[in-house]
Amino acid sequence: MPAFEAESSQFGLVGGMRQPSSDSAFETPPAGLFSPEARKGRLYIVAETDPSVARGRDAAELVLQTIRRLFYDDGSYSVTSALRKALVAANKVLYEQNFSAPPQRRALVGVSCAVLKGDDLYIAQVQPAQAFVLAGGKLRSMPTMHSASALFKSGAVGASLSVEPEFFRATLAPGDALLLCSSNLAGLLDRAEHQHLLREPNAGDLAERLAELCAEQ
């Protein structure tokens, strides 16, 4: 058993108005001792779509649900392997949907997936996506430079038959933190500000401060 209990908080913005949760975010609720969620770890996903595409919201939901279902259905004991298979499957489903749609209705998705299993953190990303991890007093940004919307035209989920997720792993301890967000949020803060925010002892306070920063912008 881990020596700490993880807490989380989320928010979304719709038309500039703050929402207590986001249709583009998913997290596994606490599970029973012998459930698939307990065996594979707690899954968090944030999806990002091009706001100019009409079907972006539906595409994000399709990707979220496919990843969630296939990650937990996979029989592998390897979290990384299960994440890879789930992302490859989500890419295939969205690519096939896009293939039969007119160009103006083809939606692409960037995604960050995080799995917390005990004190082990696993992250898989397909850009555009952004994650920050504060572990052992050190801040890590993934990707190193925050993503740009132009990436929706190349390596995002649904763009082609193949997809190449990037992976990261860390060991967490009490006081460490993870932030998953859309790529445009990453540009609002410099490295020192990110590190200061992630030292917030309460996840709700961290989300509140981020929402305030978004409102200021």
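So if I check each of LEU134, LEU185, LEU180, which one is free of Cβ contacts under 8 Å to residues at least 60 places away in the same chain and surrounded by 12 or more Cβ atoms within 10 Å (Cβ to Cβ)? Break it down into steps so the answer makes sense when it comes.
Values: LEU134 fails: free of Cβ contacts under 8 Å to residues at least 60 places away in the same chain; LEU180 fails: free of Cβ contacts under 8 Å to residues at least 60 places away in the same chain.
So the residue among LEU134, LEU185, LEU180 that is free of Cβ contacts under 8 Å to residues at least 60 places away in the same chain and surrounded by 12 or more Cβ atoms within 10 Å (Cβ to Cβ) is LEU185.
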Practice item. Hey, could you check the stretch 98-115 for residues that are within 22 Å of the chain's Cα centre (by Cα) and open to solvent by 30 Å² or more (accessible area, probe 1.4 Å) and say which is nearest to ALA25 (Cα to Cα)? Key: LEU108
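Based on this model, can you work out whether SER141 counts as at pLDDT below 90, open to solvent by less than 40 Å² (accessible area, probe 1.4 Å), within 16 Å of the chain's Cα centre (by Cα) and more than 18 Å from ILE67 (Cβ to Cβ)? It would help to see each step written out before you state the result.
Working: at pLDDT below 90: no; open to solvent by less than 40 Å² (accessible area, probe 1.4 Å): yes; within 16 Å of the chain's Cα centre (by Cα): yes; more than 18 Å from ILE67 (Cβ to Cβ): yes.
No, not satisfied.
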Revision key, fill the gap. For the stretch 23-51, the count of residues that are open to solvent by less than 40 Å² (accessible area, probe 1.4 Å) and modelled with pLDDT of 80 or more equals 12
Point to revise | Residue that is farthest from LEU62 (Cα to Cα), among those in the stretch 88-97 that are open to solvent by less than 30 Å² (accessible area, probe 1.4 Å) and hydrophobic (A, V, I, L, M, F, W, C) | key: ALA89
Practice item. All but one of (1) touching a residue at least 40 places away in the same chain (Cβ under 8 Å); (2) open to solvent by less than 60 Å² (accessible area, probe 1.4 Å); (3) of a type outside the set (Val, Ile, Thr); (4) on the phi < 0 side of the Ramachandran plot hold for GLU166, so report the exception by its number. Key: (2)
Review point. Residues in the stretch 160-203 that are of a type in the set (Gly, Ala, Ser), within 18 Å of the chain's Cα centre (by Cα) and either modelled with pLDDT of 85 or more or more than 30 Å from VAL88 (Cβ to Cβ) (or both): how many?
Key: 5
Revision key, fill the gap. If we ask which residues in the stretch 71-87 are out of contact with any helix residue (DSSP H, G or I) (no Cβ under 9 Å at 6 or more places or on another chain) and open to solvent by 60 Å² or more (accessible area, probe 1.4 Å), their number turns out to be 1
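The values are calculated or read from the model by the stated rules, or taken from the named source; none is laboratory data. It should be emphasised that the depicted structure is a prediction, and the values quoted were computed from it without experimental measurement. Cβ coordinates were reconstructed from backbone atoms using ideal geometry, including for glycine residues, and neighbour counts include every protein chain displayed. All accessible areas refer to the heavy atoms of the entire protein, side chains included, with ligands and DNA or RNA removed. Shrake-Rupley method; radii C 1.70, N 1.55, O 1.52, S 1.80 Å.
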